[in-house]
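FYI, it's all coordinate maths here, none of it is from the lab. All figures in this text were calculated on a predicted structure; none of them were measured in a lab.
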Amino acid sequence: MIIQALAFYLFAAVMVAAAAMVISARNPVHSVLFLILAFFNAAGLFVLMGAEFLAMILVVVYVGAVAVLFLFVVMMLDVDFAALRQGFLRYLPVGGAIGLILLAELVLVVGAWVASPEAAVGPIVPIPDPARVTNTHALGRILYTRYVFVFQGAGLVLLVAMIGAIVLTLRERVGVRRQVVADQIRRTRAESVELVDAPKRGGV
């Protein structure tokens with residue numbers, strides 16, 4: 001238990017520090033790197049809780065895809081951040097007011113939150129055989145039986161979002177030469193090969 005407590009405090013402290021550095025770092029590349037560090041420590045916390053599937057998904061999806069994509073986009077765009085910070089002071093009062101409103105809402109929500117007394121003594125359905133049923137197996141059984149329609153609906157929402165992003169970013173460019181596979185297959189040898197009678201000691 002002492003080792004688990006030390007690991008929890010280590011992962012939690014590093015994750016909180018990395019999250020603070022994400023929003024306070026001046027270089028956006030450093031912010032993305034700190035974000036990846038925060039994801040790794042969150043995955044460590046999931047492993048300590050016995051949710052190894054969520055830890056694996058966090059590392060594979062968020063670290064391996066989303067965070068790395070952010071890193072490549074930030075490095076490839078070469079945005080002039082000095083120009084972006086020029087209008088910071090102009091919008092500072094509005095941003096500060098919105099931040100204070102959100103802080104007041106969080107204080108009200110946390111202050112009015114009360115744990116249900118039935119939550120601690122509520123019925124918990126045990127896993128039939130914890131030695132044979134893993135965390136991944138249990139999650140898959142729940143997702144594809146009890147919540148199968150909700151799971152499929154979430155997949156449809158993500159599919160619509162992906163199609164919408166493709167439609168919004170697709171632009172027709174004039175003068176771009178495109179490959180027509182049917183024309184390449186139908187062409188004959190006379191259309192693609194030209195024999196030239198080159199003179200001796202001369203170029204073509």
Query raised in the report: How many angstrom lie between the C-alpha centres of the range 1-80 and the range 128-189?
Result: 26 Å
Report summary line: Residue by residue through the range 161-168, the couplings from Karplus 6.51 cos²θ - 1.76 cosθ + 1.60 with θ = phi - 60°, in Hz, x for Gly and Pro, are 5, 5, 5, x, 5, 5, 5, 5
